[in-house]
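Here the structure comes first, spelled out in structure tokens, and everything after it is commentary.
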Amino acid sequence: MINKNSNQFTMIFASVMVVVVAVLLALAAIQLGPLQQQNVRIEKMQNILSSIGIESEVDDAEKLFNQYIQDQVVLNNQGEQVKNDVKAFDIDLKKEQDKLKTGRANEQLFPLFIFKKEDKLYYVIPVRGKGLWGPIWGYLSLQEDMNTIYGASFGHKSETPGLGAEISTAEFQEQFNGKTIFDNSGNFTSVRVIKGGAPPDDQHGVDAISGGTVTSNGVSEMLSRTLESYIPFFKSNNSSGGDTAVITGQSAN
Amino acid sequence: MSTETVKAPVKIKVAGDGLFSSKNKKLVTDPLNDSNPITVQVLGICSALAVTTKMEPSIVMALAVTVVCAFSNLVISLIRNIIPNRIRIIVQLTVVAALVILVDQFLKAYVYDVSKQLSVFVGLIITNCIIMGRLEAFAMGNKPWPAFLDGIGNGMGYGLILVLVSAVRELFGAGELMGMRIIPESFYKMGYFNNGLAILPPMALIIVGVIIWIQRSKNPKLVESK
């Protein structure tokens, strides 16, 4: 009988245990990986759809998404369409934003989804920024004039429930509907989240969440930074102000 | 009050006992009432406060804890005689952590919505003192089958309280049970309001307190002498 309290046995026991556990977990991760990725894809589709006011269930999200999507394009930081094999849906915003930190700003890609609902075009722009405790993200949809916000949906990883986490509630998101990101003379203003409440006639401001100032500021920053990158595209595709935009590019799927 | 119940390892002779002898049944039923991990041993309170705003996540959490508790008890009991004494806590933690990660992966793959609601709390099952407590107090000193039953019993005892608390909180906080409307629309028209306090963590503590109060008034032997 070996001494089970000897150093040697302890080391062997620990090593064997670690290997067995590692193999088990690796197998589980490989087996369940595809299902989990599919769930994440469906959730992304649901979020995008909800920004243009289409409610979807897990089962029909993919079908609705393919039904309404008109085009998905990838832009570079000059607002020009990039022609390559990258699909807008597969772009990871986090990785794109990390390119800024490593000085590869000119390689940053910006996805844009174009939907057609009831014969009107909607432009959905994914946004991503910082909240108080972790990342916040969302989708902003613009109407055909590329100025008026049609809808917004926001998500967060770990904002405080009841405070910052309120950005994912309908009450907060509905405030964005009808706001504009350009002023009357065509200058970019973005939409700001205003602490203490936005004046009722403010076309570029919404009420902040009381007690959630850092998250609210994060939303403002995220919107102005992201939308700014799309301005060249908006300007070049919408020069006549309100006319139907000309979008060319590979079709969806 | 919690230390006594956890520290004393319960030795049970199973030689000759049937799979579902009265002693084995007691392993499952005792934690539901007389040695309930939450109301009597007062363990695992943190997650009980956090996940009980709605019934659905509570039930999933209860199942997750039951599975982890039962199988970690089983595994530790199987290898109890070869675990080097000096690293036994690390071994227990590794087994629990591996099981929790497995459960988390399954939830993410099959019930994604619920896993998002539970978020970090599935991961925190690893630190749930009920599981470590049962491993130290029971699985290290008993055969696999009783240990497995003990795990199921304690998981269910935990789950029972979770479901009770979440039912009260969902009913008064949202007027729903399992997401279905219970309090009719006409009540709201007559001026009824959902209780906002019910969905905040303090309410869970109050309800657990009330459950403990009711349980002890019915069962005076649980009340410790002064």
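The values are calculated or read from the model by the stated rules, or taken from the named source; none is laboratory data. All figures in this text were calculated on a predicted structure; none of them were measured in a lab. Note that we place each Cβ from the backbone using ideal geometry, even for glycine, and neighbour counts take in every protein chain shown.
Values for this structure:
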| quantity | calculated |
| --- | --- |
| Criterion: closer than 23 Å to B:ASN128 by Cβ, part of a helix (DSSP H, G or I) and more than 14 Å from chain A (Cβ to nearest Cβ) - qualifying residue of B:LEU162, B:LEU171 | B:LEU162 |
| Region B:87-103: number of residues that are crowded, with 18+ Cβ neighbours inside 10 Å and either more than 9 Å from chain A (Cβ to nearest Cβ) or over 16 Å from A:LEU24 (Cβ atoms) (or both) | 5 |
| In region B:7-44, residue modelled with the lowest pLDDT [restricted to those that are part of a helix (DSSP H, G or I) and over 15 Å from the mean Cα position of the chain (by Cα)] | B:LYS7 |
| Some residue of region B:133-146 being within 8 Å of chain A (Cβ to nearest Cβ), part of a helix (DSSP H, G or I) and at pLDDT below 90 | no |
| Filtered residues of region A:45-66 (kept if surrounded by fewer than 16 Cβ atoms within 10 Å (Cβ to Cβ), in contact (Cβ under 8 Å) with a residue 24 or more places away in the chain and assigned to a helix (DSSP H, G or I)) | A:ASN66 |
| Options B:LEU222, B:LEU197: the member that is surrounded by 10 or more Cβ atoms within 10 Å (Cβ to Cβ) and over 21 Å from B:TYR158 (Cβ atoms) | B:LEU197 |
| From A:GLU118, A:GLU57, A:GLU159, A:GLU96, residue being on the phi < 0 side of the Ramachandran plot and more than 14 Å from chain B (Cβ to nearest Cβ) | A:GLU96 |
| Sole residue being touching a strand residue (DSSP E or B) at 6+ places or on another chain (Cβ under 7 Å) and modelled with pLDDT under 90, chosen from A:SER56, A:SER51, A:SER6 | A:SER51 |
| From A:LYS95, A:LYS83, residue being in contact with a Gly (Cβ under 9 Å, 6 or more places away or on another chain) and surrounded by fewer than 18 Cβ atoms within 10 Å (Cβ to Cβ) | A:LYS83 |
| Qualifying residue in region B:47-54 (condition: among the hydroxyl-bearing types (Ser, Thr, Tyr), buried (at least 22 other Cβ atoms within 10 Å of the Cβ) and within 13 Å of chain A (Cβ to nearest Cβ)) | yes |
| Condition met for A:ILE42 (β-branched (Val, Ile, Thr) and more than 10 Å from chain B (Cβ to nearest Cβ)) | no |
| Every residue from region A:106-126 that is loosely packed, with under 12 Cβ neighbours inside 10 Å and assigned to a helix (DSSP H, G or I) | A:ASN106 |
| Any hit, region A:99-109, residues being under 12 Å from the mean Cα position of the chain (by Cα) and under 21 Å from A:PHE234 (Cβ atoms) | no |
| Qualifying position, being of a type in the set (Gly, Ala, Ser) and buried (at least 20 other Cβ atoms within 10 Å of the Cβ), among B:GLY141, B:GLY133 | B:GLY133 |
| Residue match in region A:147-157 (condition: under 24 Å from A:GLU43 (Cα atoms) and in a loop (DSSP other than H, G, I, E, B)) | yes |
| Search result, residues across region B:104-118 that are at the interface with chain A (Cβ under 8 Å from one of its Cβ atoms) and polar (S, T, N, Q) | B:GLN105 |
| Number of the exception - B:LEU205 against (1) farther than 30 Å from B:LEU93 by Cβ; (2) in contact (Cβ under 8 Å) with a residue 60 or more places away in the chain | (1) |
| Subset of region A:193-232 (residues that are acidic (Asp, Glu) and either closer than 18 Å to A:TYR139 by Cβ or assigned to a strand (DSSP E or B) (or both)) | A:ASP207, A:GLU221, A:GLU228 |
| Matching residues, region A:1-57, being polar (S, T, N, Q) and within 30 Å of B:ASN81 (Cβ to Cβ) | A:ASN3, A:ASN5, A:SER6, A:ASN7, A:GLN8, A:THR10, A:SER15 |
| Pair list, Cβ < 9 Å and 6+ apart or interchain, from region A:126-153 residues that are acidic (Asp, Glu) to residues that are assigned to a strand (DSSP E or B) and surrounded by fewer than 20 Cβ atoms within 10 Å (Cβ to Cβ) | A:GLU144/A:LYS120; A:GLU144/A:LEU121; A:ASP145/A:THR180 |
| Cβ-Cβ under 7 Å pairs, at least 6 apart or on other chains, region A:13-32 side at the interface with chain B (Cβ under 10 Å from one of its Cβ atoms), far side among the hydroxyl-bearing types (Ser, Thr, Tyr) | A:MET17/B:THR94; A:VAL21/B:THR94 |
| Of residues in region B:68-86 being of a type in the set (A, V, I, L, M) and within 12 Å of chain A (Cβ to nearest Cβ), the one surrounded by the most Cβ atoms within 10 Å (Cβ to Cβ) | B:ILE76 |
| Subset of region A:69-80 [surrounded by fewer than 19 Cβ atoms within 10 Å (Cβ to Cβ) and closer than 15 Å to A:LYS117 by Cβ] | A:GLN70, A:ASP71 |
| Residue match in region B:66-86 (condition: farther than 30 Å from A:LEU24 by Cβ, assigned to a loop (DSSP other than H, G, I, E, B) and either modelled with pLDDT of 80 or more or of a type in the set (S, T, N, Q) (or both)) | no |
